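Data block below; observations after.
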Amino acid sequence: MLLKAEGLRVAYGAIEALRGVSFEVEEGEIVTLLGANGAGKTTTLRTISGLLRPRAGTITFNGRSLIGTAAHDIVDAGIGHVPEGRRIFPRMSVYENLLMGAYRRRGDLTSDLERVYDLFPVLRERSQQDGGTLSGGEQQMLAIGRALMSRPRLLLLDEPSMGLAPLIVLRIFEIIREINDNGTTVLLVEQNAAQALKLATRGYVLETGEIVMTDAAGALLTNDRVRAAYLGEGAG
């Protein structure tokens, strides 16, 4: 098991955002977390990457506990995080943004840059442009590329399709598949439930900080409750 979370409880002051969340991600999978706004999906990813500390529960990655581990050490351990809203550095060039993704690494980064540029040819073309001048889709590609520069075994993706045109959304999901095919495990938070389930191996459904359902992605796609709540279809 690559990643295992058990009994995670996370609170913002008196408000409990996660209430005993448990889930697993096996090496090579794409696993998706589904849920409405406020369900706890982003909180889950931020807790895994060390940006939030749980009140209770355990997180184990590759056999090692992550509880109490600093965020930069979690990056070193092999977890990359693409946050909601992209959060690129708008006044730094595309090239400089990518280098920031490898700030904890030493040595020649040429092969890693080439890998990112091969995945996202537009970033090669715009390598000297400021990140803030890119379109929304290009900024999302840059955010993913920046995370890949740390050579993660597990990539956390938070709402990668948010605010993007439909054709760009399809391309982003194609790229996520390619990243996974190249050996990177993916934990995906995504409001576009239909696309996420078509891409994923398995899925978990979060409601008000609790896991209420888990199944193979194909089974969730045909589940009446999931279809009614997240796919915009009536049960039937």
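Any chance you could run the full-extension gain for ARG9 through GLU210? It's 0.36 nm times the residue separation minus the Cα-Cα distance, nm to one decimal.
The span from ARG9 to GLU210 would gain 71.4 nm if fully extended.
Can you compute the helix-only [θ] at 222 nm over the chain? Use -39500 (n - 2.57) per DSSP H run of at least 4 residues, normalise by all residues, nearest 500 deg cm²/dmol. Write down the numbers at each step before the final one.
Details: 10 runs with 86 residues, N = 236.
It lands at -10000 deg cm²/dmol.
Based on other C-beta atoms within 10 Å, arrange TYR103, TYR95 from fewest to most.
Working: TYR103 10, TYR95 17.
With the sparsest Cβ surroundings first, the list reads TYR103, TYR95.
Once label points are set 7 Å from the Cα along Cα→Cβ at both ARG19 and THR60, what is their separation, rounded to one decimal in nm?
2.7 nm
Can you list, bin by bin at 10 Å, the percent of alpha carbon pairs in segment 1-122, starting at 0?
In order of increasing distance, the bins hold 11, 37, 33, 17, 2 percent.
Using only Cα atoms, what is the ratio of the radius of gyration of segment 147-199 to 2.2 N^0.38 Å? Write down the numbers at each step before the final one.
Working: Rg = 10.8 Å, N = 53, 2.2 N^0.38 = 9.9 Å.
Scaled against compact globular proteins, the figure is 1.09.
Compute the Rg to Rh ratio over segment 136-236 from the alpha carbon atoms, using the Kirkwood formula for Rh, and round to two decimal places.
That ratio equals 0.98.
Compute the length gained on full extension between ASN182 and GLU96: take 0.36 nm times their separation in residues and subtract their Cα-Cα distance, giving the result in nm to one decimal.
Values: separation 86, 0.36 × 86 = 30.96 nm, distance 2.44 nm.
Additional length available on full extension: 28.5 nm.
For segment 87-183, what is the Kirkwood estimate of the hydrodynamic radius, computed as the reciprocal of the mean inverse distance between distinct Cα atoms, to one decimal in Å?
13.5 Å
Mind checking the alpha-carbon convex hull of the chain and giving the volume per residue in Å³? Spell out each step's value before the answer.
Working: hull volume 28.4 nm³, N = 236.
For the chain, the hull spanned by Cα atoms encloses 120 Å³ per residue.
If I take every Cα pair under 8 Å that is 6 or more residues apart in segment 195-236, average their sequence separation and divide by the length, what percent do I get for the relative contact order? If you can, show how the numbers build up before the last one.
On the way: 44 pairs, mean separation 11.9, N = 42.
With pairs under 8 Å counted, the relative contact order is 28 percent.
Just to verify a number: FRET efficiency for VAL122 and ALA71, C-beta to C-beta distance, R0 = 30 Å, to 0.05? Provide the component values of the computation, followed by the final result.
Details: r = 29 Å, r/R0 = 0.97.
The calculated FRET efficiency here is 0.55.
Compute the length gained on full extension between ARG53 and ARG115: take 0.36 nm times their separation in residues and subtract their Cα-Cα distance, giving the result in nm to one decimal. Before the final figure, lay out each step's value.
Working: separation 62, 0.36 × 62 = 22.32 nm, distance 3.31 nm.
Additional length available on full extension: 19.0 nm.
Coordinate-derived values only; no laboratory data. Please read all numbers here as calculations on a predicted model, not as lab measurements. Cβ atoms come from the backbone with ideal geometry, glycine included; neighbour counts cover every protein chain shown.
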